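Quick note: the coordinates plus some simple rules give every number you see, no bench work behind them. Please read all numbers here as calculations on a predicted model, not as lab measurements. Every residue, glycine as well, gets a Cβ built from its backbone with ideal geometry; the counts of neighbours run over all protein chains shown.
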Amino acid sequence: MDRKPLVGLSCSYDYGDIFAQRVDIGLTCPLWNYISESYLRCIERAGGVPLVIPNMLQEDDLYRLMDLCDGFLLTGGNDVDPQFYGEVDHGKCARIVPGRDRQELAMVRYIMSHPGKSVFAICRGLQILNVALGGSLIQDVEEAGFDCHAKNNYALDDVTHSVTVESGSLLSRITGPGRLGVNSFHHQAVRELGRGLAASAHSHDGLVEAVELDDRPFFLAVQWHPEKMAGDDRQQSLFRAFVESMA
Ligand SMILES: [Mn+2]
């Protein structure tokens, strides 16, 4: 196409007491829709136009916006409510945000009925995709004994573990097969894969770190945060391949 691809991004939705104090607009605990700029810059640098989709839209209005988009980036954030994979909260989940869960489940329904549109998902994005497709999550990976995934205060772009990329996968066509260094800020991970999803990367302690779906122009989800690794060309090539798939 001769215009830049339009990429719809999901965003966070939460109480923003900290923001309210910083910008001096009162302490009334307003709800905020917000997104890290790193996602937007990665889409721009790759040649796309980012469109942030606010939460809590009526489904008709959400789908009208999604009709405008050539592809979607499902972004990171809070934990998915375990009720959506048939479990109760073990008490390890970070804040549950029902309004975001509901909207992103609706987004995945749209995505599955529009196979010509490209999809890239990051961290929570991978998890909500997996849950929406009938899969389940490990509620806390450290509690479950995955020793590469103990909580630490790493810098956002630090390589904290490597993953092994399956040869023949979409991911391997972008980054090459074999080992890939990644950052890691998740405390949940895939337990059972959702319908049609194939794992295309694993960590050395055995967690699924990437999933994909065949028969789509681009349908890839990663558990790490490539948008925080702006200086790593293999990571940025994920955004380029995503945007190029819509060109
Ligand atoms: Mn990890």
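A few remarks follow.
- Calculated FRET efficiency, Q58 to I96, Cβ-Cβ distance, R0 = 25 Å: about 0.70 to the nearest 0.05.
- Cβ-Cβ distance of R191 and K151, R₀ of 25 Å, FRET efficiency by 1/(1 + (r/R0)^6): the value works out to about 0.80.
- Remark: W224, W32 ranked as W32, W224, counting other beta-carbon atoms within 10 Å and listing the fewest first.
- Stokes-Einstein D (µm²/s) once Rh is taken as the Kirkwood radius of the chain over alpha-carbon pairs, at 4 °C in 1.567 mPa s: 71
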